[in-house]
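Q: If you scroll down you'll find the structure; I have some questions about it.
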Amino acid sequence: MFFFYNLLLLLAAQVVKILALFSPKMKLFVNGRKTVFQTLRNNIKPEDKTIWFHAASLGEYEQGLPVMEKIKTEFPDHKIVLSFFSPSGFEVRKNNTVADLTVYLPLDTPSNAKQWLKIVHPELVFFIKYEYWPNYLHELRKAQIKTYLISGIFREKQAFFKWYGSFYRNALKTFDFFFVQNESSKKLLQSIGYQNVKISGDTRFDRVVSILDRDNKLDFIEQFKNNTTTVVIGSSWPKDERLLVNYINQSNHDVKFIMAPHNIKAEQIAHLQSQLSKPTVLFSQKEHQKLSDFQVFIIDTIGILTKIYSYADIAYVGGGFGHPGVHNILEPATFGIPIVIGPHYTHFAEATALVHLEGCISISNQNELHDTFNHLIANDDIRHEKGHICGTFVQMNKGATEIILKHLCNEFKN
């Protein structure tokens, strides 16, 4: 089976090189891997002690971050090596401060896996949520390196649980322990013979709880808000924005809107601004402006949305009109804010739970958006009640990092 897997992988590598000629993202994917091994050799000495974390993309990085921070404290003499598979993760977090070295993960070929482990020689390995690369896992198992899955989540549709999935089931033998998010994931692993499983929950809750302890102050947002009820629209896509623009243009409420689109390309920002009839200012043009005079603030930069959520009275989180669905709702939830999302959210456990608890409201069309916003803006008590549900939900689900670290500490003491 390894023969056919590796053959398909080599063919896929050639296809990606062709796609890189036409796609900027694929170009980053290919070019970013060209110097990985040299970068590793330049930064890791044979005598160094290392711990390796692997994240598929940005979301997995956010889940692994609380554990990385704790591991860095518990193992101060070790270098943390962080790998990404996707450019959307690496390019955003390549300058993070928690890892000593951040690189792309070379493709899962036998030679790459052997070379990676020879240079990195990790004592501990953590895969975050998913991505099970058979050659890397095979080499880790051969080398008897302690390997863990954190914030894991499993579903019946995955190959592990199908009659044809023995190749992938065997890859799971590498993991010394599985820390999973929920009971269903634990039962699925147990159904194929894996008992080394513990429900730890989702480490993202620990990350967003820690946001409350940081300095979230932004003077320019305070100037814009000017003690006015404010709706923060995060990670919006064009399908979201069509409904939102209609509402903003028609709204007669004394309310302000901060829009942080998912895509901040200049032409898309210009198009969004041209659709708005209310006084609008861009982040990139905020200097020498009296921000309190504007009703809409478009954030055409990245990296500050989390802090902006701290100023929200209502949050709308985008992505829910596309697939796979809504973006991260935990960041606004941790600030105790009612959240509005689109109809596609069932792939995300936290969104499903908060909709069920009624802290988060799912809308499907213009009328529902209109009615929901009007209701939340006009009713302080309802707004505060739903916000309290969101904040409490986050607080009640924290603690996954502590469960993982406690297990690891007990294991190493023994």
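The values are calculated or read from the model by the stated rules, or taken from the named source; none is laboratory data. Every value quoted in this text rests on a predicted model; they were computed, and no experiment measured them. We place every Cβ from the backbone using ideal geometry, glycine too, and count neighbours over all the protein chains shown. Remember, those area values only see protein heavy atoms, side chains included, never the ligands or the DNA or RNA. Shrake-Rupley method; radii C 1.70, N 1.55, O 1.52, S 1.80 Å.
Q: Scanning the range 55-73 for residues that are free of Cβ contacts under 8 Å to residues at least 60 places away in the same chain and within 10 Å of the chain's Cα centre (by Cα), which turns out most open to solvent (accessible area, probe 1.4 Å)?
A: So the residue we want is LEU58.
Q: When you scan the range 39-53, do you find a residue that is crowded, with 18+ Cβ neighbours inside 10 Å, modelled with pLDDT of 95 or more and within 29 Å of MET1 (Cα to Cα), even just one?
A: Looking through the range 39-53, at least one residue is crowded, with 18+ Cβ neighbours inside 10 Å, modelled with pLDDT of 95 or more and within 29 Å of MET1 (Cα to Cα).
Q: Do we have PRO76 as modelled with pLDDT under 95 and either open to solvent by 60 Å² or more (accessible area, probe 1.4 Å) or of a type in the set (Ser, Thr, Tyr) (or both) here?
A: For PRO76, the condition - modelled with pLDDT under 95 and either open to solvent by 60 Å² or more (accessible area, probe 1.4 Å) or of a type in the set (Ser, Thr, Tyr) (or both) - is met.
Q: Would you check if there is a residue in the range 184-192 being within 18 Å of GLU60 (Cα to Cα), surrounded by 14 or more Cβ atoms within 10 Å (Cβ to Cβ) and out of contact with any helix residue (DSSP H, G or I) (no Cβ under 9 Å at 6 or more places or on another chain)?
A: The answer is yes, given that some residue of the range 184-192 is within 18 Å of GLU60 (Cα to Cα), surrounded by 14 or more Cβ atoms within 10 Å (Cβ to Cβ) and out of contact with any helix residue (DSSP H, G or I) (no Cβ under 9 Å at 6 or more places or on another chain).
Q: THR372 - would you say it is among the hydroxyl-bearing types (Ser, Thr, Tyr) and either touching a Ser or Thr at 6+ places or on another chain (Cβ under 6 Å) or closer than 24 Å to SER210 by Cα (or both)?
A: Taking the combined requirement at face value, the residue does not satisfy it.
Q: Further question: Going through LYS70, LYS79 one at a time, which residue ends up being in contact with an Asp or Glu (Cβ under 9 Å, 6 or more places away or on another chain) and under 18 Å from LEU405 (Cβ atoms)?
A: After applying the criteria, what remains is LYS70.
Listed here are the residues, each with its yes/no results for (1) among the charged types (D, E, K, R); (2) closer than 27 Å to THR352 by Cβ; (3) in contact (Cβ under 8 Å) with a residue 60 or more places away in the chain.
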site: GLU222; (1), (2), (3): yes, no, yes
site: VAL231; (1), (2), (3): no, yes, yes
site: ILE248; (1), (2), (3): no, no, no
site: HIS253; (1), (2), (3): no, no, yes
site: ALA260; (1), (2), (3): no, yes, no
site: LYS265; (1), (2), (3): yes, no, no
site: GLN275; (1), (2), (3): no, no, no
site: GLU287; (1), (2), (3): yes, no, no
site: SER292; (1), (2), (3): no, no, yes
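Q: Let me ask another. Considering only the range 24-36, how many residues are exposed (fewer than 14 other Cβ atoms within 10 Å of the Cβ) and out of contact with any helix residue (DSSP H, G or I) (no Cβ under 7 Å at 6 or more places or on another chain)?
A: 4
Q: Go through the residues of the range 149-159 one by one and say whether even a single one is open to solvent by 30 Å² or more (accessible area, probe 1.4 Å), at pLDDT 95 or above and either within 28 Å of GLY399 (Cα to Cα) or part of a helix (DSSP H, G or I) (or both).
A: Scanning the range 149-159 turns up no residue that is open to solvent by 30 Å² or more (accessible area, probe 1.4 Å), at pLDDT 95 or above and either within 28 Å of GLY399 (Cα to Cα) or part of a helix (DSSP H, G or I) (or both).
Q: Quickly run through the range 276-332 and pick out the residues that are open to solvent by 40 Å² or more (accessible area, probe 1.4 Å), among the hydroxyl-bearing types (Ser, Thr, Tyr) and either farther than 18 Å from THR229 by Cβ or touching a Leu at 6+ places or on another chain (Cβ under 7 Å) (or both).
A: Matches in the range 276-332: SER277, SER284, THR301.
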